[in-house]
Structures are given as structure tokens and as C-alpha cells.
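One structure is given below, encoded as C-alpha cells.
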Amino acid sequence: MLISANTWAGIKRLHAENAIFRAVENGYTIVRQASRGQSNIVDRQGHTLALDDYFDADRQTVVASVPVSGVRTVYGTVGDVFAWLAVAVALGLPVFAVAWRRRAGRGRYATEAGSVAVAHW
């Protein structure tokens, strides 16, 4: 995957390290070209094949032999299913709570011959 980037000196290393994580997560090689910051090439196992820093070098050239095939990963197979399930649960909890409260509220008071009897739980 080819990625273009433009960062500043304070976060250049952090952004380059995130490319390593994405390469492993998705199971393919990442070639990250930065007009400012760190350019890096990372294989699918997280090994840095080449690295160049815009702020430390006069000329920016990165050359590496990269694998072009990827591998299947858990994230590539499942994707964001867990995140979407968490969103569904978060949105469903208030609805469930209101329904539960209404259901529990029906049995709280019972009427017999015009009088109100309080049932204790």
C-alpha cells in the first residue's frame, strides 16, 4: 500500500510507527512517503525495510526490495465487527433500560377492590 504523509517534527516518529502497526494489522507491505517527516517502508511482519527523515537528511531517497504479496489477518477477515457491535450495544442499552423500567413498573402496584396494595420486592 502506498501512503503519502506530511507531518511536523514533533510527531514524525509517532506517525512512522503507526504505519508499522497498520502493516501488521492488515498483512501487507506499506510504503509511506512523507514530504515532511519520516518516510518508511514496512513489511507485513512489522520489519522496517527502509527509513528516511526529512528533517535530518539533505536529500530524501528511500530504496528497498519489498514483498508484494500479503497475508490474511484477523482484522482483515473480521474488520470492524467488534466496534459496530459495541456501538449497537451502546445505542440499545437506553432502549432496553426504558423497556425494563416500564415492565417492572407494571407489577409494582396492584389494585384490589378499589384499594392500592404496595408489593415489596
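The values are calculated or read from the model by the stated rules, or taken from the named source; none is laboratory data. Here the structure is a predicted model, which is why all the values come from computation and not from measurement. Every residue, glycine as well, gets a Cβ built from its backbone with ideal geometry; the counts of neighbours run over all protein chains shown. Accessible surface is based on the protein model in full, side chains and every heavy atom, while ligands, DNA and RNA are left aside. Shrake-Rupley method; radii C 1.70, N 1.55, O 1.52, S 1.80 Å.
Overview of results
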read-out: Full-stretch length increase - PHE96, THR48 - with 0.36 nm per residue and alpha-carbon distance subtracted; value: 12.4 nm
read-out: Added length on full extension, which subtracts the Cα-Cα distance from 0.36 nm per residue, GLU17 to MET1; value: 4.2 nm
read-out: Accessible area of the chain belonging to carbon and sulfur atoms, whole % at 1.4 Å probe; value: 60
read-out: Degrees between helix 12-26 axis and first principal axis of the chain (Cα, 0 to 90, nearest 10); value: 70
read-out: Solvent-accessible area per residue for the stretch 34-77 (1.4 angstrom probe, square angstrom); value: 69
read-out: 5 Å binning of all Cα-Cα separations within the stretch 45-95, expressed as whole percents from 0 upward; value: 4, 13, 12, 11, 10, 10, 10, 10, 8, 6, 3, 1
read-out: The stretch 78-106 versus the stretch 46-74: alpha-carbon centroid distance in Å; value: 44
read-out: Distance between modelled label sites at TRP8 and ARG103, nm, 7 Å Cα→Cβ extension; value: 5.4
read-out: Estimated [θ] at 222 nm from DSSP helical runs (n ≥ 4, -39500 (n - 2.57)) normalised by residues in the chain, nearest 500; value: -12500 deg cm²/dmol
read-out: Stokes-Einstein D (µm²/s) once Rh is taken as the Kirkwood radius of the chain over alpha-carbon pairs, at 37 °C in 0.692 mPa s; value: 174
